[in-house]
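The values are calculated or read from the model by the stated rules, or taken from the named source; none is laboratory data. Computed from a predicted model, the values in this text were never measured in an experiment. We place every Cβ from the backbone using ideal geometry, glycine too, and count neighbours over all the protein chains shown.
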Amino acid sequence: MKKEMSWLFEGFMRKLIIAIDGPAGSGKSTTAKLVAQKLGYLYIDTGAMYRALTLKVIELGIDPGDEEEVIKVTRDTKIELLYENGDLRVLLDGRDVTEKIRSPEVTSLVSVVSAHPKVRDEMVKKQRELGKNGGVVMDGRDIGTVVFPDADLKIFMSADVKERAKRRQKEMKEQGFDVDIDEIINEIEERDRLDSTREVGPLKKADDAFEIDTTNLTIDEQVEIVLRKAYELINQNSN
Ligand code: DC
């Protein structure tokens, strides 16, 4: 295809907004990242944004439960998501905190920090700005319900808690944290409870989201299901 023609073609292809929500360990981040790579879209990990903010709150010694203090920090913080050779790097005020935001301490406090309505307001604004031009796969808890309620494609991923805990344990081992499986199950259940019972932007399947139970699926299978749905929409739009 001639260069001018391919530009014209790309112009007709609508760039989708794909929202992927689900609880911890459901496979959403891995799936979202691979789907974005395949489509040449931007991948936005909104959990990483809340984690980076939580790290800053911890480092400043602020009470994570104090909404007014936390919102001051939020407004005064720059969080950037960058890609290096296909890997996501998270910058907090210019400093690379990619590994630090996955620590057990951050994980145990992120649900407290992210439950504050004003903090969510601020984060949702940033996330809308990042995804407004489409061509984006965004994962989190409230993407299909709050951030982009009109997203072109909404996926809700779920999985049995024991399977999710096993995946988390493996992930943590790779990062150098050796944690007992029962401890991880408790942590995941507590985080699920906090994330789904908060008043603003709770973890919840959007009515029009397509649910994928990943308990017995491989990553390739999850990615394929989402990609098939995305291509259906892309083809519909370019016909
Ligand atoms: O996806 P994750 O496990 O890295 O997310 C960490 C926490 O951030 C999660 O327990 C709740 C919060 N979060 C949120 O409240 N809203 C989002 N859109 C994404 C994450």
Report summary line: Listed by first then second residue, the pairs whose first member lies in region 181-197 and is closer than 14 Å to Thr107 by Cβ, whose partner is surrounded by 12 or more Cβ atoms within 10 Å (Cβ to Cβ) and of a type in the set (D, E, K, R), with beta carbons under 8 Å and at least 6 positions apart or on separate chains, are Ile184/Arg168; Ile185/Lys162; Ile188/Arg164; Ile188/Arg168; Asp195/Arg141
Query raised in the report: Is it the case that Ile225 is under 16 Å from the mean Cα position of the chain (by Cα) and modelled with pLDDT of 95 or more?
Result: no
Report task. Go through Glu211, Glu171 for me and flag whichever is within 19 Å of the chain's Cα centre (by Cα) and within 21 Å of Ile101 (Cα to Cα). Result -> Glu171
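Residues checked against (1) within 13 Å of the ligand (Cβ to nearest atom); (2) of a type in the set (A, V, I, L, M):
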position	(1), (2)
Leu153	no, yes
Glu183	no, no
Arg191	yes, no
Asp208	no, no
Ile225	no, yes
Requested in this report: Collect the residues in region 19-54 that are more than 14 Å from the ligand (Cβ to nearest atom) and among the β-branched types (Val, Ile, Thr), keeping them in residue-number order.
Outcome: Val35
Requested in this report: Of all residues in region 84-96, count the ones that are closer than 23 Å to Glu67 by Cα and buried (at least 17 other Cβ atoms within 10 Å of the Cβ).
Outcome: 1
